[in-house]
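The values are calculated or read from the model by the stated rules, or taken from the named source; none is laboratory data. Every value quoted in this text rests on a predicted model; they were computed, and no experiment measured them. Neighbour counts are summed over all protein chains in view; Cβ atoms, including those assigned to glycine, are modelled from backbone coordinates with ideal geometry.
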Ligand code: SF4
């Protein structure tokens with residue numbers, strides 16, 4: 001089976017990725033693998049690499065805008 005990204009089969013896992021201004025919260029159990037995040041901002045969301053989310057290449061605005069597009073609620077964000 002293809003490896004989608006780290007930890008996606010661990011039901012209660014919650015991961016946080018921060019750039020010092022915003023934290024992206026990812027709940028793999030909610031992810032429906034629509035790839036909206038990957039298609040919209042591939043410099044941040046790259047499921048074949050570990051970690052699969054790296055915030056540094058994008059601005060906070062870009063990150064928030066993309067996270068808001070996640071159709072399942074698997075990605076959310078919080079102010080740091
Ligand atoms: S946009 Fe949301 S549901 Fe779709 S792959 Fe990304 S995290 Fe998963």
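Some notes on this structure:
- Unique residue being touching a strand residue (DSSP E or B) at 6+ places or on another chain (Cβ under 9 Å) and crowded, with 17+ Cβ neighbours inside 10 Å when the list is 80, 38: 38
- Picking from residues in segment 1-25 that are assigned to a strand (DSSP E or B) and more than 15 Å from residue 65 (Cα to Cα), the one that is modelled with the lowest pLDDT is 15.
- Candidate set from segment 61-73 (those that are over 10 Å from residue 24 (Cα atoms) and surrounded by 15 or more Cβ atoms within 10 Å (Cβ to Cβ)); member that is nearest to the ligand (Cβ to nearest atom): 70
- Consider segment 35-60 and keep the residues that are under 16 Å from residue 18 (Cβ atoms) and not in a loop (DSSP other than H, G, I, E, B). The one that is nearest to the ligand (Cβ to nearest atom) is 45.
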